[in-house]
Amino acid sequence: MADKTASLKLPDGKSLDFPVLSGSTGPDVVDIRPLYSKTGYFTYDPGFLSTASCTSAITYIDGDQGVLLYRGYPIEQLAVHCDFLEVCYLLLNGELPNKTQKKEFVDIVTHHTMVHEQLARLYQGFRRDAHPMAVMVGVVGALSAFYHDALDINNPQHRTISAFRLIAKMPTIVAMSYKYSIGQPFMYPKNDLSYTANFMRMMFAVPAEEYKPNDVLVRAMDRIFILHADHEQNASTSTVRLSGSSGANPYACIAAGIACLWGPAHGGANEACLEMLEEIGDVSKVPEFIKKVKDKSSHVRLMGFGHRVYKNHDPRAKLMRETCHEVLNELGLHNDRLFKLAIELERIALEDDYFVTRKLYPNVDFYSGIVQRALGIPVAMFTCIFSLARTVGWIAQWQEMISDPEYKIGRPRQLYKGPTKREVKPLDKR
Ligand code: CMC
């Protein structure tokens, strides 16, 4: 029995008490599960602004304080002390690995990086100029055709194998989507490289030449992966949970997450941000652009600014900003036109009353697009990289949901405003 209750007074004057549940940190929640059965009312919360859809022990965000914790560890510490696979282990298992656990984990992931040759042939069915996220939705969804019959999602071991496969194969699949789009041969994974160096090699190497990974650039990409690994119950994660709640194949559920992530209000933001910088074109055009953003009738948004949850600062943005400087220094790109433009846009927006009063700050994607562009990643691939990184979060959340004794198929209700019951007239009488 909960210590606290919240009362709801109904229009007929009756009032009802609901238990208030407390998490380990963060706002309490009013448990309204019996609301409909006891009162006949639903709650109305489009966009889930005030709704906790599940219990989770994976990621915690305090948007007002700019805090992001994976399994209790601050993102600022994870980004500095861990690599991406350690973070994957943490998200999946709840604890950071020791040396032996890490070695074993890296070994398993490394030995699952190849994809079935038949999957490689699937790419030929796509147009070369298809958006790589469209290809990703198709190819990751197709993994379910390779791993379905023998998969029992109620078996924890089967779920773990699915997690390993997805984490291991995503870099290969993302890199293949890129290689296909530019007409170059697929590069097979190389097991003596780290997870991230291997990904960069599969992206940028050609069979005709040796490829030497650059440590600074590999570290930058690894940080992009860490910062995007999980983010609580965001739109794509909720999509994965909702699709998974019917008991669907996990690879198909991850494909659903990829589809959701593609949108410019979510993972597509860094791509949209770079397109916006290209459109502005020059530092001298920044004031004019800001004016357009502030004019609501223009429907123009400052991409890479604002966040549904972070209303103070996005802690990932600060880390990405640091990485951005490191990468531009390493490559001697500090005078890059778009980078200078981004810095000026950031400066003006941070001083402008419109953005300050609405608590709109740069988010992680404002800088991650600039970093990825400097690394040589084409703009259309940005969201694919995000989906690679977020796969571990999606699969950890899916695992948590399936093993939760309170899990039910997701089935929201609605406030119906359509026609009430009416009679169908035969065609000649309409
Ligand atoms: N540029 C200009 N105005 C904005 C922006 C923006 N980027 N974001 C919000 N606003 C305004 C909005 O017009 C509204 O103004 P008013 O109160 O006068 O009507 C106010 O700020 C509140 O906006 P909202 O749309 O109610 O806020 P939200 O929490 O629903 O939206 C958001 C969050 C991320 C969708 C939005 O800020 C946005 O569209 N940002 C640009 C896209 C972007 O960078 N997305 C990446 C998010 S980080 C990556 C991830 O985690 O997926």
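Would segment 342-353 turn up any residue that is out of contact with any Ser or Thr (no Cβ under 7 Å at 6 or more places or on another chain), open to solvent by 70 Å² or more (accessible area, probe 1.4 Å), under 25 Å from Ala235 (Cβ atoms) and not hydroxyl-bearing (Ser, Thr, Tyr)?
Looking for residues that are out of contact with any Ser or Thr (no Cβ under 7 Å at 6 or more places or on another chain), open to solvent by 70 Å² or more (accessible area, probe 1.4 Å), under 25 Å from Ala235 (Cβ atoms) and not hydroxyl-bearing (Ser, Thr, Tyr), one finds none in segment 342-353, hence no.
I'm checking my understanding of the structure. Among residues of segment 25-42 that are of a type in the set (Val, Ile, Thr) and surrounded by 14 or more Cβ atoms within 10 Å (Cβ to Cβ), which one is farthest from Arg316 (Cα to Cα)?
First, pick out the residues of segment 25-42 that are of a type in the set (Val, Ile, Thr): 25, 29-30, 32, 39.
After this cut, where a residue has to be surrounded by 14 or more Cβ atoms within 10 Å (Cβ to Cβ) as well, the list is 29-30, 32, 39.
Details: Val29: 26, Val30: 30, Ile32: 33, Thr39: 43 Å.
Looking at the filtered set, the residue picked out is Thr39.
What residue, among those in segment 306-321 that are in a loop (DSSP other than H, G, I, E, B), on the phi < 0 side of the Ramachandran plot and near the ligand (Cβ under 9 Å from one of its atoms), is surrounded by the fewest Cβ atoms within 10 Å (Cβ to Cβ)?
Taking the candidates together, the pick is Arg308.
Checking the structure you have, find out if any residue of segment 197-205 is part of a loop (DSSP other than H, G, I, E, B), of a type in the set (Gly, Ala, Ser) and surrounded by 17 or more Cβ atoms within 10 Å (Cβ to Cβ).
Checked against the condition, which is being part of a loop (DSSP other than H, G, I, E, B), of a type in the set (Gly, Ala, Ser) and surrounded by 17 or more Cβ atoms within 10 Å (Cβ to Cβ), segment 197-205 yields at least one hit.
Would you list the helices (runs of 4 or more DSSP H) that sit entirely within segment 43-149 and hold 3 or more residues that are loosely packed, with under 15 Cβ neighbours inside 10 Å? Reasoning before the result, please.
Values: elements: 75-81, 84-93, 99-110, 117-122, 132-146.
Fully inside segment 43-149 and qualifying: 75-81, 99-110, 117-122.
Do we have Met303 as of a type in the set (A, V, I, L, M, F, W, C), closer than 30 Å to Thr239 by Cβ and near the ligand (Cβ under 7 Å from one of its atoms) here? Lay out the reasoning, then the answer.
Values: of a type in the set (A, V, I, L, M, F, W, C): yes; closer than 30 Å to Thr239 by Cβ: yes; near the ligand (Cβ under 7 Å from one of its atoms): yes.
Here the answer is yes, as Met303 does meet what is asked.
Do any residues in segment 179-194 that are assigned by TED's automatic domain parsing to the domain that holds Val218 and within 19 Å of Asn214 (Cβ to Cβ) have Cβ atoms under 7 Å from those of residues that are of a type in the set (Ser, Thr, Tyr) and at pLDDT 95 or above, where the two are at least six apart or on different chains, and which pairs are they?
Pro189/Thr113; Pro189/Thr172
How many residues are more than 18 Å from the chain's Cα centre (by Cα) and open to solvent by 20 Å² or more (accessible area, probe 1.4 Å) if we restrict to segment 266-280?
3
Under the condition of being within 15 Å of the ligand (Cβ to nearest atom) and of a type in the set (A, V, I, L, M), which residue from segment 354-378 is farthest from Tyr178 (Cα to Cα)?
If we filter segment 354-378 for residues that are within 15 Å of the ligand (Cβ to nearest atom), which is where we start, we get 354-372.
Now narrow it down to the ones that are of a type in the set (A, V, I, L, M): 356, 360, 364, 370-371.
Working: Val356: 39, Leu360: 33, Val364: 23, Ile370: 18, Val371: 18 Å.
Top of the filtered list is Val356.
Kindly list the number of the only condition in (1) in a helix (DSSP H, G or I); (2) over 20 Å from Pro287 (Cα atoms) that fails for Gln414.
The failed condition is (1).
Need a quick list: helices (runs of 4 or more DSSP H) entirely within segment 213-290 having at least 2 residues that are more than 16 Å from the ligand (Cβ to nearest atom). Step through it out loud before you land on a result.
Working: elements: 215-227, 235-244, 250-261, 269-280.
Fully inside segment 213-290 and qualifying: 215-227, 235-244, 250-261.
With respect to Asp428, is the statement that it is in a helix (DSSP H, G or I), more than 22 Å from the chain's Cα centre (by Cα) and charged (D, E, K, R) true?
On the way: in a helix (DSSP H, G or I): yes; more than 22 Å from the chain's Cα centre (by Cα): yes; charged (D, E, K, R): yes.
Yes: the conditions hold for Asp428.
Restricting the search to segment 401-430, which residues are open to solvent by less than 100 Å² (accessible area, probe 1.4 Å) and aliphatic (A, V, I, L, M)?
Residues of segment 401-430 that are open to solvent by less than 100 Å² (accessible area, probe 1.4 Å), as a first pass: 401-404, 407, 410, 412, 418-419, 426.
Selection gives Met401, Ile402.
Take the conditions among the acidic types (Asp, Glu) and surrounded by 22 or more Cβ atoms within 10 Å (Cβ to Cβ) and apply them to Glu288. Does it pass?
On the way: among the acidic types (Asp, Glu): yes; surrounded by 22 or more Cβ atoms within 10 Å (Cβ to Cβ): no.
Taking the combined requirement at face value, the residue does not satisfy it.
Being outside any helix (DSSP H, G or I), touching a His at 6+ places or on another chain (Cβ under 6 Å) and more than 22 Å from Arg390 (Cβ to Cβ) is true for just one of Asp192, Asp152. Which residue is that? Reasoning before the result, please.
On the way: Asp192 fails: touching a His at 6+ places or on another chain (Cβ under 6 Å).
Checking each option against the conditions leaves just Asp152.
Scan segment 369-379 and tell me whether some residue there is of a type in the set (D, E, K, R), open to solvent by 40 Å² or more (accessible area, probe 1.4 Å) and closer than 24 Å to Phe48 by Cα. If you could, list the steps in order and put the result at the bottom.
The first filter runs over segment 369-379 and keeps only residues of a type in the set (D, E, K, R), leaving 373.
Subset that is open to solvent by 40 Å² or more (accessible area, probe 1.4 Å): 373.
With closer than 24 Å to Phe48 by Cα added as a condition, the list becomes none.
No; the residues of segment 369-379 include none that is of a type in the set (D, E, K, R), open to solvent by 40 Å² or more (accessible area, probe 1.4 Å) and closer than 24 Å to Phe48 by Cα.
Would you be able to tell me the number of residues in segment 1-26 that are within 15 Å of Lys38 (Cβ to Cβ) and among the β-branched types (Val, Ile, Thr)?
Residues that pass the stated criteria total 1.
When both residues are 6+ apart or on different chains and their Cβ atoms are under 9 Å apart, which pairs have a first residue that lies in segment 299-310 and is within 16 Å of Leu341 (Cα to Cα), and a second that is of a type in the set (D, E, K, R) and within 8 Å of the ligand (Cβ to nearest atom)?
Pairs found: Met303/Asp365; Gly304/Asp365.
Just wondering, is there one or more residues in segment 19-36 that are acidic (Asp, Glu) and within 30 Å of Pro74 (Cα to Cα)? Break it down into steps so the answer makes sense when it comes.
Restricting attention to segment 19-36, the residues satisfying the condition of being acidic (Asp, Glu) are 28, 31.
Pick out the ones that are also within 30 Å of Pro74 (Cα to Cα) and you get 28, 31.
Looking through segment 19-36, at least one residue is acidic (Asp, Glu) and within 30 Å of Pro74 (Cα to Cα).
The values are calculated or read from the model by the stated rules, or taken from the named source; none is laboratory data. Worth saying up front: this structure is predicted, and the values here are computed from it rather than measured. Please note: Cβ atoms are built from the backbone with ideal geometry, for glycine as well, and neighbour counts cover all protein chains shown. Side chains are part of the model used for accessible areas, which takes the heavy atoms of the whole protein and leaves out ligands, DNA and RNA. Shrake-Rupley method; radii C 1.70, N 1.55, O 1.52, S 1.80 Å.
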